[in-house]
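Read the figures in this text as sums done on the coordinates, not as results from a lab. If you're wondering where the values come from, they're calculated on a predicted model, not measured in any experiment. All Cβ positions, even for glycine, are placed from backbone atoms using ideal geometry, and neighbour counts span all protein chains on display.
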């Protein structure tokens, strides 16, 4: 599991006014939520942008350094963006305990080229882009890799088909389909095209 560090600062001021001034000063407001309550913090907006680039879409554990003293293990809970310029507006962190299991949505990475797509003119349909898991923070996978090389037309890979990961429990229903290879749509189009002249002939008669 990828683990990154991020320095944050405690903030006293709350509300829209102070938050707006904070953003204009290059700071991103945020909150750390934990069992003992919540802590209002701020993080350098530029540092957070670089942090997100390092995370690159994976689920990562974060070691938050609060004012360079108190260190907390966390994950990102929610990020708010400005709908006009897509800039970060606010970030929420969820504090973790190293000895307690956590729930997470782990992204799916599809690898390989499906036999059904390559040789049978099929179409690959990805139904789940993230999978629910439960585990200790140290066991948290960055992503779940699924090889579709042997997937034929009409077949699917379900949660029950996933390779076991030590210390990780898949919490979704076993029969949920993650990815499947559908029959080619060309056949449907050809059938419709063949049926059309027959209908015209019937009307003429």
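What is the P(r) of the stretch 7-104, as percent of Cα-Cα pairs per 5 Å bin from 0?
So the P(r) values, bin by bin, are 3, 12, 24, 27, 19, 11, 4, 1, 0.
In vacuum, with every alpha carbon of the stretch 66-147 counted as one equal point scatterer, what does the Debye formula give for log10 I(q)/I(0) at q = 0.19, 0.26 Å⁻¹? Two decimals, please.
The computed values of log10 I(q)/I(0) come out as -0.98, -1.21.
Quick one, which of (i) 20.6; (ii) 19.2; (iii) 19.8 is the actual Kirkwood radius over Cα pairs in Å calculated for this model?
(i)
Using alpha carbons only, how many angstrom separate the centre of the stretch 26-88 from the centre of the stretch 91-141?
22 Å
Roughly how tilted is helix 185-204, in degrees to the nearest 10 and between 0 and 90, from the longest Cα axis of the chain?
So the helix axis and the longest Cα principal axis differ by about 40 degrees.
Helix-derived [θ] at 222 nm for the chain: sum -39500 (n - 2.57) over DSSP H runs of at least 4, divide by residue count, nearest 500?
My calculation for the chain gives -7000 deg cm²/dmol from helical runs alone.
Where the convex hull is taken over the Cα atoms of the stretch 103-182, what is its projected area averaged over directions, in nm²?
Orientation-averaged projected area of the Cα hull: 4.8 nm².
Give me the percent relative contact order of the stretch 58-162, please, defined on Cα pairs under 8 angstrom at least 6 residues apart.
26 percent
Say we join alpha carbon atoms closer than 10 Å with springs in a Gaussian network model of the chain; which of 97, 56, 177 then has the biggest fluctuation?
For the chain, modelled as a Gaussian network with Cα springs under 10 Å, the answer is 56.
So what is the relative contact order of the chain, in percent, for Cα pairs below 8 Å that sit 6 or more residues apart?
Relative contact order of the chain: 17 percent.
FRET efficiency for residue 97 and residue 53, Cβ-Cβ distance as r, R0 = 35 Å, nearest 0.05?
Details: r = 28 Å, r/R0 = 0.80.
Plugging the Cβ-Cβ distance into 1/(1 + (r/R0)^6) gives 0.80.
Ranked from highest to lowest mean number of other Cβ atoms within 10 Å per residue, what is the order of the peptides 132-138, 100-106?
Top to bottom by mean Cβ count within 10 Å: 132-138, 100-106.
Quick one: of the DSSP bridges fully inside the chain, what percent are antiparallel, nearest 5?
That works out to approximately 75 percent antiparallel.
Would you mind calculating the relative contact order of the stretch 4-96 from Cα pairs under 8 angstrom and at least 6 residues apart, reporting the percent as a whole number?
Dividing the mean separation by the residue count of the stretch 4-96 yields 33 percent.
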